[in-house]
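The values are calculated or read from the model by the stated rules, or taken from the named source; none is laboratory data. Bear in mind the structure is a predicted one, so any value in this text is a computation, not a measurement. FYI the Cβ positions are ideal-geometry reconstructions off the backbone, even for glycines, and counts take in every protein chain you see. Side chains included, ligands, DNA and RNA excluded: accessible areas come from the protein's heavy atoms. Shrake-Rupley method; radii C 1.70, N 1.55, O 1.52, S 1.80 Å.
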Amino acid sequence: MNILAIPGKMPITEKWLYKILSATDWDSSAIEMHRFEAWSSDEAFSVNQEITYLPSGHYDVVITKSIGCLITLKAQNKISWNRLVLIGVAWSLFSESERQLLGALEEKALPVLIIQEKHDPFGTYAEISEQVIGKDHIRCIEVEGDRHQYTDTVAIGKLINQWINETQPAVLS
């Protein structure tokens, strides 16, 4: 199994995402952690620029946080997946046209898991779940929180493990 992990805008989210990954059943040697180019340069963070630095290819799972969710959705001509995990979708940072990308995931007929804080300041669970209601391949789970921090990494890892086990195709076993 190969996994692409795309953190959020701030470098601290890389460590946070490693905590999530260590709480899953995934083999750490299968994980490719993406590092944003803006972290090592003086350039301002740019979603479109960061997309150009993403690896190309197909992954069994792509897991991402915050602005990484937007980058992932916009990079679908560059990366593809069997399973997608979006944590803390930064909905308020999406343009109107970018907002269409979330619901359009249903057309791929591939499982998507969204984990969103009840009162996330960048997009509440209610806002995100409204966008995907009735979409069979997209599951949205509410977790407690109101700071876009998703601090219970063990619980999030368990949610991901449970979802993977429920949706696991033969190619991932």
Notebook entry, point to check: How about the range 8-26: which of its residues are of a type in the set (A, V, I, L, M) and free of Cβ contacts under 8 Å to residues at least 40 places away in the same chain?
Noted result: M10, I12
Note to self: Taking the conditions exactly as written (assigned to a helix (DSSP H, G or I), surrounded by fewer than 20 Cβ atoms within 10 Å (Cβ to Cβ) and in contact with a Lys or Arg (Cβ under 8 Å, 6 or more places away or on another chain)), does E166 satisfy them or not?
What the structure shows: no
Notebook entry, point to check: In the range 139-157, what residues are touching a Pro at 6+ places or on another chain (Cβ under 8 Å) and either within 17 Å of S66 (Cβ to Cβ) or open to solvent by less than 30 Å² (accessible area, probe 1.4 Å) (or both)?
Noted result: D146, R147, H148
Checklist line | Selection count where residues are open to solvent by less than 30 Å² (accessible area, probe 1.4 Å) and either within 14 Å of G88 (Cα to Cα) or out of contact with any Ser or Thr (no Cβ under 6 Å at 6 or more places or on another chain) (or both), scope the range 10-25 | finding: 6
Check: What pairs can you find where one residue is in the range 41-57 and exposed (fewer than 12 other Cβ atoms within 10 Å of the Cβ), the other is of a type in the set (A, V, I, L, M) and assigned to a helix (DSSP H, G or I), and their Cβ atoms are less than 8 Å apart, with a gap of 6+ or different chains?
Finding: A44/A38
Next item on the list: Being free of Cβ contacts under 8 Å to residues at least 12 places away in the same chain and more than 15 Å from the chain's Cα centre (by Cα) narrows it down to one of E107, E127, so name that one.
Entry: E107
Notebook entry, point to check: Across the range 1-19, what is the number of residues that are assigned to a strand (DSSP E or B) and not β-branched (V, I, T)?
Noted result: 2
Check: Considering only residues of the range 28-40 that are in contact with a strand residue (DSSP E or B) (Cβ under 9 Å, 6 or more places away or on another chain) and within 22 Å of V112 (Cα to Cα), which is most open to solvent (accessible area, probe 1.4 Å)?
Finding: E32
Notebook entry, point to check: Residues E130, E106: which one is modelled with pLDDT of 95 or more and farther than 17 Å from K65 by Cβ?
Noted result: E130
Item checked: Single residue of I133, I87, I128, I63 found to be over 21 Å from P11 (Cα atoms), open to solvent by less than 80 Å² (accessible area, probe 1.4 Å) and not aromatic (F, W, Y) -> I128
